[in-house]
Each structure stands twice: as C-alpha cells, then as structure tokens.
Amino acid sequence: TGDATVFHYKAFGRSIRSNSPLTGISSSAFSESPDMFLWFGCRPDEVEYPYGGDAPAGDGLTVPRWNLEQCNGIWRFWRCRSRCYSCLDYTDGPLFVFDRNGSNIWCDRLSRLAPAEVSLYITGPVLGLALRLQGVLCLHAGAVVSGSRAIAFAGPSGSGKSTITSVFLKKGFK
C-alpha cells in the first residue's frame, strides 16, 4: 500500500517485495517491478477452506467438500474452486496462499512461529512452489561446472550430493 513500509529482496533469481522483514534472505535495493510480492498477516477473501472440523476457530473460510493432497498430516494442499488460488496449509499453523502464477503469496496464521521459522517456510517450500507456478523446476541438488558444461547431482536428503560436489570442487571444478 502507498505509505506502508516495504522490504526488497533478491532470492532464487527473483526480485521480491514484502510488507514484513525476512530473516535469512539478503535485502536488495532494486527499482524494477518485483517478480513476487509477499503479503504477511492477510489472505484474499475468496480463499475457501476445504475441510470442516479442522478449520481454526474464527478462521472465516467457507467449507466446500473435496479431496486434498496431504503429506503425513504435516501439510495440506488444495486449489480453490475458482482456480485463482492455491493453498498450502501446515498443521502447525501457517497458511500460504498463491495466486495462479505465483507472483503474489499471502502468508497468514504465523503468530506462533519465530521469524527464523517463518524464513524456513519462505525460503523452502513456499518459494519453491511459487517458482514452480512460474514455470521454474526447483531441484534438491548440487552442481559443478567444468568449462562450458555443468554436472548436477540430484537425489534425496542424505544421498551424498554435498559430499560428491565438494570432492569435485577440491579437484578444481567450479
């Protein structure tokens, strides 16, 4: 909004504007129009809550019935019936709402989290999903460069990506 404090960041090749300071991301001065906006403490009024009894008291979201994608009870993901918004709802509190192309992200229900915890959500799954909505595929990987070629090492956590990347770096790769 017009006279509200605004914070500027660069991360993952994107310029980000936020209405709240973020920890763990370097601030940046930029004059171009940002690629993403982060809106803290709010969400669009049109967002629907897809399950009845789980809605936090006073949440004010409607309750349509449909199936959700879930991950071991840690998070739930759904698209609103209008298909204008996607929602990522964590069972420990935070709700993140994304517009259709990932350029606006609303971050709500964060009061129980420390700023460093909020930053972990933002720099991990939240920006990862926003980038995916923008057509960018994010990989959990290490990479090295030799001349004009790159080698990427992708795999699950603990599979040795960082170890093999560091071996290549010690051998002169960049």
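Summary of values
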read-out	value
Carbon + sulfur, % of accessible area of the stretch 72-174 - ligands and nucleic acids excluded, 1.4 Å	57 percent
Segments 113-125, 158-170, 96-108 sorted - mean Cβ within 10 Å per residue, highest first	96-108, 113-125, 158-170
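The values are calculated or read from the model by the stated rules, or taken from the named source; none is laboratory data. What you see is a predicted model, and the numbers here were worked out from it, not measured in a lab. Counting neighbours? That spans all protein chains shown, and the Cβs are built from the backbone with ideal geometry, glycine included. With ligands, DNA and RNA removed, areas are computed over all heavy atoms of the protein, side chains included. Shrake-Rupley method; radii C 1.70, N 1.55, O 1.52, S 1.80 Å.
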